[in-house]
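Here's the structure, in structure tokens; my notes come after.
The values are calculated or read from the model by the stated rules, or taken from the named source; none is laboratory data. Quick caveat, the model's predicted, so the values are computed rather than measured. All Cβ positions, glycine included, derive from the backbone under ideal geometry; neighbour counts span all protein chains shown.
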């Protein structure tokens, strides 16, 4: 709610306000002789109409640039720090900007068997290269929120656009926006505390717009609701699902049984698509996908929880994670499978998931290519490009990180893995972070309502 | 601006008169790329002389040059033409000085040339991009009118945007 809050603050003195009025009057007077052709230093600050100035500001690349421009003069400030500016800015960007240009980051974390190993590096699409270390990503310390220092041993468990669900080594749960360096700690979940016999096996974060404005559509930026999903299990029981609801600020346990009873454990990063969470079922190898709708509180028609079969025959001991890729691209769930035929010769297939109204899932094969890459022994599909359906990110021979283009059959080498990643040794967890036109703020928790409204 | 139409059907010509008395003879299809002129033609019927007291001849000429390019190229809408238009637009705005850019934008806005306004506002936005506050002020010759301390106060509130 940054824009509105600041606009309401009494930053201006009475004198400023009267100055502003005077300017308004003079603006009308000055506006008449449009025909004059001599240059004046007042054009862009005073004479040009507010509508035109707004059209210019909406065309700035992101919220950061817009907020910086607001410091040019008071008039620009008053237009940008207006309660409707952010919504209209986002609306303009959604309508006009091609997804191809969307800025995104891929966050890579090392995952060890027992507990996670904390090293991380990331790829930034604007920089076009790998950057090492979590301090570069999160900054030295949080700038705002109820966390004063960054938690030690933080691990990103789930992502929703630019919001991250992060845990520290004491199993505390945080919501964080690294673009604003804003952090908030959530209350501890009553059951899945992370200690004892009960192990946390799945996390999820889903946001939904509070209301949709007819003029600017739905935007999740300042006011929105979110659900944090936590799945935990013991060796004896079926998984337990706990949900944190932003409206109540409380956790509650759901009576949910996942349709696939053989589910040993989750443990993979979830994929969020159109408000539904998808997990690969399994620990090191997996058999299928569980889909869960955290906003469906009543479980009407049993659609809250589903099981989706994979598009390929699954061997008895499950599929290995380093031969597959699971993620989302342009609002669709995707699954990729890579098969090594010989050294330097691989087969890669990509499917897209479509669901009809009854929740019956079907996979469409969207890419099927044979990759020839001289002397390459190992390839691992890592992540889909979030906004380019014809690209996938891969790791080659545990050395290089590259982007493969399906249409041109070409590689772009984007960098070498830093030594500390020890990519040969550990499984890598990939989080795909999409930078929206205006970074989301994390709403403070209110405890006014007791009901979670779906 | 004379019409160089190669079509066999006779296209109607309109006379546009700028504030400084300069007149332009343009095809109706070209002039109606401008919303304001389109409205006048539709409402007033066959008035052939349209006076535009708010636009000076130099800038009206430029606006019409843009309209002509886009009206001609819109008739057969294949992808190649789209590329040509984009390239032409890029050239059109490339070397505009502040003064011309401003007046052209005002003229396009006054004449409701929506696409041209889009093009020009995009150009102005590109001049803001990647610049520091002081550099933006310098580019647009704007003086800061914040009181001492106010600027710092705003920076503090959204410090994430100023790192």
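Couple of notes before you dig in:
- Hits in segment B:76-96 (condition: in a helix (DSSP H, G or I) and either modelled with pLDDT under 85 or loosely packed, with under 13 Cβ neighbours inside 10 Å (or both)): B:79, B:80, B:81, B:82, B:83, B:84, B:85, B:86, B:87, B:90, B:91, B:94
- Complete set of residues in segment A:50-62 that are assigned to a helix (DSSP H, G or I) and either over 17 Å from residue B:154 (Cβ atoms) or within 7 Å of chain B (Cβ to nearest Cβ) (or both): A:50, A:51, A:52, A:53, A:54, A:55, A:56, A:58
- Flag if residue B:143 is more than 23 Å from residue B:62 (Cα to Cα) and more than 9 Å from chain A (Cβ to nearest Cβ): no
- Test: residue in segment B:144-162 that is under 31 Å from the mean Cα position of the chain (by Cα) and exposed (fewer than 15 other Cβ atoms within 10 Å of the Cβ): no
- Checking A:287, A:278 one by one, the residue that is surrounded by fewer than 21 Cβ atoms within 10 Å (Cβ to Cβ), modelled with pLDDT of 75 or more, at negative phi and in contact with a strand residue (DSSP E or B) (Cβ under 6 Å, 6 or more places away or on another chain) is A:287 and no other.
- Filtered residue count, segment B:1-21, keeping only those that are at pLDDT 75 or above and exposed (fewer than 10 other Cβ atoms within 10 Å of the Cβ): 1
- Residue satisfying all of: in segment A:76-88; within 12 Å of chain B (Cβ to nearest Cβ), crowded, with 21+ Cβ neighbours inside 10 Å and farther than 18 Å from residue B:131 by Cβ; modelled with the lowest pLDDT among these: A:86
- Residues that are more than 29 Å from residue A:174 (Cβ to Cβ) and free of Cβ contacts under 8 Å to residues at least 12 places away in the same chain within segment A:398-446 comprise A:408, A:410, A:412, listed in sequence order.
- Some residue of segment A:386-397 being over 24 Å from the mean Cα position of the chain (by Cα), assigned to a strand (DSSP E or B) and free of Cβ contacts under 8 Å to residues at least 12 places away in the same chain: no
Every residue, every condition in (1) touching a helix residue (DSSP H, G or I) at 6+ places or on another chain (Cβ under 8 Å); (2) outside any helix (DSSP H, G or I), yes or no:
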{"site": "B:101", "(1), (2)": "yes, no"}
{"site": "B:119", "(1), (2)": "yes, no"}
{"site": "B:124", "(1), (2)": "yes, no"}
{"site": "B:127", "(1), (2)": "yes, no"}
{"site": "B:131", "(1), (2)": "yes, yes"}
{"site": "B:144", "(1), (2)": "yes, yes"}
{"site": "B:148", "(1), (2)": "no, yes"}
{"site": "B:156", "(1), (2)": "no, no"}
{"site": "B:161", "(1), (2)": "yes, no"}
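- Selection count where residues are under 14 Å from the mean Cα position of the chain (by Cα) and within 14 Å of another protein chain (Cβ to nearest Cβ), scope segment B:83-110: 16
- Of all residues making up segment A:65-83, the number that are more than 13 Å from residue B:137 (Cα to Cα) and touching a residue at least 12 places away in the same chain (Cβ under 8 Å): 8
- Residue in segment A:61-73 that is modelled with pLDDT of 85 or more, in contact with a strand residue (DSSP E or B) (Cβ under 9 Å, 6 or more places away or on another chain) and over 30 Å from residue A:131 (Cα atoms) present: no
- Tally, over segment B:121-140, of residues that are over 21 Å from the mean Cα position of the chain (by Cα), buried (at least 19 other Cβ atoms within 10 Å of the Cβ) and more than 8 Å from every other protein chain (Cβ to nearest Cβ): 0
- Condition check for residue A:341: more than 24 Å from the chain's Cα centre (by Cα) and surrounded by 12 or more Cβ atoms within 10 Å (Cβ to Cβ): no
- Enumeration of residues in segment A:145-159 that are under 17 Å from residue A:109 (Cα atoms) and assigned to a strand (DSSP E or B): A:155, A:156, A:157, A:158, A:159
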